[in-house]
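Heads up, the thing below is written out as structure tokens.
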Amino acid sequence: MTVHETAEMLKVKESTVRSWIREKKLRAIKFGREWRITVVDLETFLNENANK
């Protein structure tokens, strides 16, 4: 998924998603100038940051 798609899905700004990537909270792969997030990595991020 792209940063845009991820941000849209989570209802946050793209800059927030990029911040999570920069802070190593969300795993992502860089293809050229674009970051891509796998569905598995997004699910892991959501599970680790869910309210308990």
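Values in this text are rule-based calculations from the coordinates and carry no lab data. Keep in mind that what you see is a predicted model, and the values were worked out from it rather than measured. Methodologically, a virtual Cβ is constructed for each residue, glycine included, from the backbone with ideal geometry; neighbour enumeration extends over all protein chains shown.
Things to note:
- Looking at the stretch 1-39, the trypsin sites (Lys or Arg not before Pro) that sit in a DSSP loop and have at most 12 other Cβ atoms within 10 Å of their own Cβ are Lys11, Lys13, Lys24, Lys25, Arg33.
- Counting only Cβ charges, +1 for Lys and Arg and -1 for Asp and Glu, the dipole size of the chain around its Cα centre is about 240 debye.
- Full extension of the chain segment joining Met9 with Glu34 gains 7.3 nm, where the gain is 0.36 nm per residue of separation less the Cα-Cα distance.
- The alpha carbons of the chain occupy a box of 37, 19, 18 Å along the principal axes, longest dimension given first.
- Whole-Hz Karplus values for the stretch 13-27 come out as 6, 4, 5, 5, 5, 4, 5, 4, 5, 4, 7, 6, 7, 10, 6 Hz, taken residue by residue from phi with 6.51 cos²θ - 1.76 cosθ + 1.60 and θ = phi - 60°; glycine and proline positions read x.
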